[in-house]
Amino acid sequence: MDTSRISSFIGDLWDAEIVPQLVQYIRIPNKSPMFDAKWAEHGYMDDAVRLMETWARGKLAALPGATLEVVRLEGRTPLIYIEVPGQGDDTVVLYGHLDKQPEMTGWSEGLGPWEPVLRGDRLYGRGGADDGYAIFGSLAALLALHEQGVPHARCVIMIEACEESGSYDLPYYVDHLAPRIGNPSLVVCLDSGCGNYDQLWLTTSLRGMTGGNLTVQVLEEGVHSGDASGVVPSSFRILRQLLSRLEDQDTGRIIPDELYVDIPEERREQARRSAEVLGNDIFDKFPFVEGMKPVTGDLTELVLNRSWRPQLAVTGAGGLPALDSAGNVLRPKTSVKLSLRVPPTLSGAKAGAFLKQLLEKDPPYGARVTFALEKDGSGWNAPQLSPWLTDAVSKASESYFGAPAAYMGEGGSIPFMGMLGEKFPKAQFLITGVLGPHSNAHGPNEFLHIPTGKRVSMVVADVVARHYAEGAKG
């Protein structure tokens, strides 16, 4: 395998075709079903599928025997399923998704979620890095191998459309397609992040997630605050009390021991090494306001906080009028949307059930308290890497990034990983991505760092080739 030819082929394909395709993809507001209840009626998801399907079909002619099907189960989001024949009896699964997070406010002037903007090496817009590039990068890797006749195992590419909603449709597709998927020995996921853009980063763990809508109701309708305050407890104050059962308001530490796990020593050591590599970049990548600082100055603890410890975010609110229309009314109820990240090895379902019981029991003043669960996805802790994969990743990072590979747990969730980890416990996992400093997935000013997208595609080609070579050795 000629690595320079791999680099040239993939780099040229990104410049000539993949970046223009991603420009078109960013323009499609195909929000995940949780954020667009009428996604089927609006048709944006179908537009995104059609764009990717059209490009992919045009490339499959160069991959003999390759097939593509858009699988549609009744009442569920579609899934793009591609099979590329290979040598031997082994299988590699490559995964990504095409649904997007909602718009979010706060985009800089000249930027927006559905308006692609290319500035230097960065392509701005929603979904390019998270992770619309996955299908293009996966096929680019396989095309690069075929261009120079490098053998690889049979490859299955799966691009789902429900990931940002917790992948609740995906288990049905995995079960439906199980006979066709087979028993993969390597799973490649391109939906993760990177600590910097200088080297390859492998994700060693992913936190799970639970959450939903917490509502506190005290009245059937709003009343004059001058008449009721001091007599009727505020729904907002009661909500604060309930949240204090879960989170220490002074430190942000999650209080119940039930939401913690023992952190493996290997992961602690990887966190220490990541802290040494990244230094203050661990927190400098966030757009802090002037004078703001992170929760602690201990860099290793910051890495562990975002990868192995439970953390709470309040991501939305209801029952609160806009400031310019907020009269002197004691409001009947207050609602907030809670997003609780949980450790990789803690059951998301158990965490969700515990959270519901914690918040709803013994409501202060007898208020009507309801917690409607929306998500309860478990996390994932990677199996130990086989020596061949450790060596392949190390060499690929040196070849295409010019620096050693790095390993770190990620704070986000990819439900597909936990699902496949259970179904294929002997598989090896290559989890990586392009979401590095300031790329801001889910927030304003999201961008794809194009050189990293190219290099990740090159790494995938290299590792898939080495996977076959290792299998040929038995």
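The values are calculated or read from the model by the stated rules, or taken from the named source; none is laboratory data. Quick caveat, the model's predicted, so the values are computed rather than measured. As a convention, Cβ positions derive from the backbone with ideal geometry for all residues, glycine included, and neighbour counts pool all protein chains shown.
Here are some notes:
- Any chance T345 is among the polar types (S, T, N, Q), touching a helix residue (DSSP H, G or I) at 6+ places or on another chain (Cβ under 8 Å) and either under 30 Å from P233 (Cβ atoms) or surrounded by 12 or more Cβ atoms within 10 Å (Cβ to Cβ) (or both): no
Let's see how each residue does on (1) touching a residue at least 24 places away in the same chain (Cβ under 8 Å); (2) more than 23 Å from Y25 (Cβ to Cβ); (3) assigned by TED's automatic domain parsing to the domain that holds V150; (4) not charged (D, E, K, R):
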site	(1), (2), (3), (4)
R368	yes, yes, no, no
P383	yes, yes, yes, yes
S394	no, yes, yes, yes
F401	yes, yes, yes, yes
P415	yes, no, yes, yes
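- The residues on offer are Y25, Y95, and the sole one that is touching a Cys at 6+ places or on another chain (Cβ under 7 Å), under 27 Å from V463 (Cβ atoms) and either in contact (Cβ under 8 Å) with a residue 40 or more places away in the chain or outside the structural domain of I181 (by TED's automatic domain parsing) (or both) is Y95.
- Residues of the stretch 200-229 that turn out to be in a strand (DSSP E or B) and either under 30 Å from C189 (Cβ atoms) or in contact with a Lys or Arg (Cβ under 7 Å, 6 or more places away or on another chain) (or both), as a count: 15
- Test: residue in the stretch 302-321 that is at pLDDT 95 or above, among the hydroxyl-bearing types (S, T, Y), out of contact with any strand residue (DSSP E or B) (no Cβ under 9 Å at 6 or more places or on another chain) and surrounded by 12 or more Cβ atoms within 10 Å (Cβ to Cβ): no
- Evaluation of F9 against (1) in contact with a Phe, Trp or Tyr (Cβ under 8 Å, 6 or more places away or on another chain); (2) part of a helix (DSSP H, G or I); (3) crowded, with 20+ Cβ neighbours inside 10 Å (one fails), failing number: (1)
- When the stretch 138-173 is filtered for residues that are more than 22 Å from A66 (Cβ to Cβ), part of a loop (DSSP other than H, G, I, E, B) and either of a type in the set (S, T, N, Q) or not assigned by TED's automatic domain parsing to the domain that holds D99 (or both), only S167 remains.
- For T77, the criteria (1) touching a residue at least 40 places away in the same chain (Cβ under 8 Å); (2) hydroxyl-bearing (S, T, Y); (3) more than 24 Å from G443 (Cα to Cα) hold in every case but one, which is (3).
- For the stretch 442-474, the set of residues classified as surrounded by fewer than 21 Cβ atoms within 10 Å (Cβ to Cβ) and assigned to a loop (DSSP other than H, G, I, E, B) consists of H442, G443, P444, N445, K473, G474, listed by residue number.
- Residue selected from the stretch 354-410 under the condition among the polar types (S, T, N, Q) and touching a strand residue (DSSP E or B) at 6+ places or on another chain (Cβ under 7 Å), by the criterion nearest to V460 (Cα to Cα): S386
- Checking the stated criteria, G409 turns out to be in contact with a Pro (Cβ under 9 Å, 6 or more places away or on another chain), on the phi < 0 side of the Ramachandran plot and either part of a helix (DSSP H, G or I) or crowded, with 23+ Cβ neighbours inside 10 Å (or both).
- Taking the stretch 1-43 as the range and being farther than 30 Å from Q148 by Cβ and among the aliphatic types (A, V, I, L, M) as the test, the residues that pass are I26, I28, M34, A37, A40.
- Residue match in the stretch 295-314 (condition: within 22 Å of G412 (Cβ to Cβ), in a loop (DSSP other than H, G, I, E, B) and in contact with a Phe, Trp or Tyr (Cβ under 6 Å, 6 or more places away or on another chain)): no
Residue-wise test of (1) touching a Lys or Arg at 6+ places or on another chain (Cβ under 7 Å); (2) of a type in the set (A, V, I, L, M, F, W, C); (3) over 19 Å from K423 (Cα atoms).
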residue: C155; (1), (2), (3): no, yes, no
residue: E164; (1), (2), (3): yes, no, yes
residue: Y172; (1), (2), (3): yes, no, no
residue: C189; (1), (2), (3): no, yes, no
